[in-house]
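Okay, structure first, notes after.
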Amino acid sequence: MAAERSARRLCAILAADVAGYSRLMGADEDGTLTALTAHLRELIDPAVAQHAGRIVKTTGDGLLVEFASVVDAVRCAVDIQQGMAARNRAVPQDRRLAFRIGLNLGDVIVQNGDLYGDGVNVAARLEALAEPGGICLSASAHEQVQDKIATVRFEDLGEQRMKNIARPVRAYRIALDLAGPAPSPVPAPPGRSSIAVLPLDNLSADPEQEYFADGLAEDLITDLSRIAGLQVIARNSTFTYKGRPVSVTQVGRELGVRYVVEGSVRKVDNRVRITAQLIDAATGMHVWADRYDRDLTDVFAVQDEVTHEIVGALSLRLTPGPATAHGRSGAPST
């Protein structure tokens with residue numbers, strides 16, 4: 001069968017995902033999946049249909065929806081968030097599912113029923129900007145809806161720089177009047193170590209080092225996940241903080257983790273310096289820190305070596321028994 005030809009059209013795009021989904025799945029896979037399926041079937045699917053939307057696709061804990069009207073898209077988003085607030089009232093706070101929603105009006109490419117292009121990417125970035133239980137929209141969407149829904153109030157968040165989006169995007173937050181506080185993750189149970197690895201900052205003038213920094217963070221997430229008894233937040237949750245000015249305590253609160261790893265990568269000529277810190281998210285105090293200076297002759301070898309050393313050092317502090325990896329800590333590595 002021949003592939004469908006691509007076409008362009010202007011539409012309102014709604015992107016949504018569940019905040020702290022990895023933590024919820026780690027605590028109760030069956031219960032979380034059952035609850036998410038029920039929310040989709042009983043609340044979200046009917047709301048989308050009522051407001052003449054089309055669900056383009058669902059991706060685990062997320063979904064992408066297309067609307068011909070921005071007004072319909074905003075009304076649908078508000079109905080979803082108000083409905084979720086009502087459904088969550090009888091649910092223990094550490095088991096609540098809270099959606100983040102981003103809305104954008106943009107020109108998209110349509111192919112085989114899917115949507116592509118910056119219009120979709122901006123909606124996804126706005127979703128990551130939204131608080132759990134919240135809605136963020138772009139200036140292009142706000143312009144179409146600001147005087148058309150009397151019950152909705154907007155707050156200007158100013159221009160936001162977003163990953164892989166060439167120009168800053170002016171964003172607005174919808175101030176929702178929800179009965180009861182918006183759901184938020186809670187700290188992990190005492191005695192169980194939980195950790196989030198934030199994207200490493202690229203302090204070099206060379207933009208190519210962005211890939212090296214991201215690769216190193218991904219390797220740390222993968223290798224830390226192999227430590228028995230350690231709950232590690234997935235990449236798709238931690239990388240929503242990339243390029244955003246957030247505090248460690250905020251990350252700990254939103255992801256429900258006890259520890260946060262952050263660091264940086266700096267390259268001069270053919271030398272690279274990598275720093276890493278383990279921080280207690282509740283107090284903001286450093287538990288461990290180190291730096292690693294290497295010749296950047298083999299990128300993958302450097303990534304593997306430094307990842308092994310960092311994971312080894314962290315395992316000594318995060319596990320009560322013998323470490324599962326070996327590494328050094330304390331004095332700077334050279």
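The values are calculated or read from the model by the stated rules, or taken from the named source; none is laboratory data. Model, not experiment: these values are computed from the prediction. Backbone-built Cβ (ideal geometry, glycine too); neighbour counts: all protein chains shown.
Considering segment 65-83 alone, what residues qualify as being under 25 Å from Gly26 (Cβ atoms) and either touching a helix residue (DSSP H, G or I) at 6+ places or on another chain (Cβ under 7 Å) or outside any helix (DSSP H, G or I) (or both)? Give the steps one after another, and end with the answer.
At the first step, the residues of segment 65-83 found to be under 25 Å from Gly26 (Cβ atoms) are 80-81.
Listed by number, the list holds a single entry, Ile80.
Only a single item in (1) closer than 21 Å to Thr238 by Cβ; (2) among the small types (Gly, Ala, Ser); (3) free of Cβ contacts under 8 Å to residues at least 40 places away in the same chain is not met by Ala49, and it is number (1).
Starting from residues that are in contact with a Lys or Arg (Cβ under 7 Å, 6 or more places away or on another chain) and not acidic (Asp, Glu), keep the ones in segment 203-226 and report whichever is nearest to Ser22 (Cα to Cα). Steps first, please.
Taking segment 203-226 as the starting set, the residues that turn out to be in contact with a Lys or Arg (Cβ under 7 Å, 6 or more places away or on another chain) are 203-204, 206, 209, 218, 221.
Of the ones still in play, those that are also not acidic (Asp, Glu) are 203-204, 209, 221.
On the way: Leu203: 29, Ser204: 32, Gln209: 28, Ile221: 13 Å.
It comes out as Ile221.
To keep it simple, each residue is scored yes or no on (1) in contact with a Phe, Trp or Tyr (Cβ under 6 Å, 6 or more places away or on another chain); (2) hydrophobic (A, V, I, L, M, F, W, C); (3) surrounded by 22 or more Cβ atoms within 10 Å (Cβ to Cβ).
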site: Leu224; (1), (2), (3): no, yes, yes
site: Val257; (1), (2), (3): no, yes, yes
site: Asp280; (1), (2), (3): no, no, no
site: Asp295; (1), (2), (3): no, no, no
site: Ala301; (1), (2), (3): no, yes, no
site: Asp304; (1), (2), (3): no, no, no
site: His308; (1), (2), (3): no, no, no
site: Leu316; (1), (2), (3): no, yes, no
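Can you confirm whether Leu97 is crowded, with 19+ Cβ neighbours inside 10 Å, assigned to a strand (DSSP E or B) and either touching a residue at least 12 places away in the same chain (Cβ under 8 Å) or not assigned by TED's automatic domain parsing to the domain that holds Glu254 (or both)? Criteria not met by Leu97. Only one of the listed residues (Leu40, Leu33) is modelled with pLDDT of 90 or more, in the same structural domain as Ile149 (by TED's automatic domain parsing), in contact with a Ser or Thr (Cβ under 9 Å, 6 or more places away or on another chain) and in a helix (DSSP H, G or I). That residue is Leu40. Taking every residue in segment 81-94 that is in the same structural domain as Leu36 (by TED's automatic domain parsing) and pairing it with any residue that is among the acidic types (Asp, Glu) and at pLDDT below 90, at least 6 positions away or on another chain, the pairs with Cβ-Cβ distances below 9 Å are Gln82/Asp177. Checking each residue in segment 5-30 for being hydrophobic (A, V, I, L, M, F, W, C) and either under 22 Å from Val110 (Cα atoms) or not assigned by TED's automatic domain parsing to the domain that holds Gly119 (or both) picks out Ala7, Leu10, Cys11, Ala12, Ile13, Leu14, Ala15, Ala16. Restricting attention to segment 222-276, and to residues there that are basic (Lys, Arg) and either within 27 Å of Asp206 (Cβ to Cβ) or in the same structural domain as Leu97 (by TED's automatic domain parsing) (or both), which single residue is modelled with the lowest pLDDT? Ranking the candidates gives Arg244 first.
Residues in segment 199-225 that are more than 16 Å from Val306 (Cα to Cα) and hydrophobic (A, V, I, L, M, F, W, C): Leu203, Ala205.
Evaluating Asp45 against the criteria (1) in a strand (DSSP E or B); (2) over 21 Å from the mean Cα position of the chain (by Cα) leaves one unmet condition, (1).
The single condition from (1) within 25 Å of Met162 (Cα to Cα); (2) acidic (Asp, Glu); (3) crowded, with 17+ Cβ neighbours inside 10 Å that Asp206 fails is (3). Starting from residues that are of a type in the set (A, V, I, L, M, F, W, C) and not in a strand (DSSP E or B), keep the ones in segment 282-293 and report whichever is surrounded by the fewest Cβ atoms within 10 Å (Cβ to Cβ). The residue in question is Met285. The number of residues in segment 194-235 that are touching a residue at least 60 places away in the same chain (Cβ under 8 Å), within 17 Å of Leu255 (Cα to Cα) and polar (S, T, N, Q) comes to 2. For segment 149-165, a residue qualifies if it is without any contact (Cβ under 8 Å) to a residue 40 or more places away in the chain and either at positive phi or within 20 Å of the chain's Cα centre (by Cα) (or both), and the qualifying residues are Leu157, Gly158, Glu159, Gln160.
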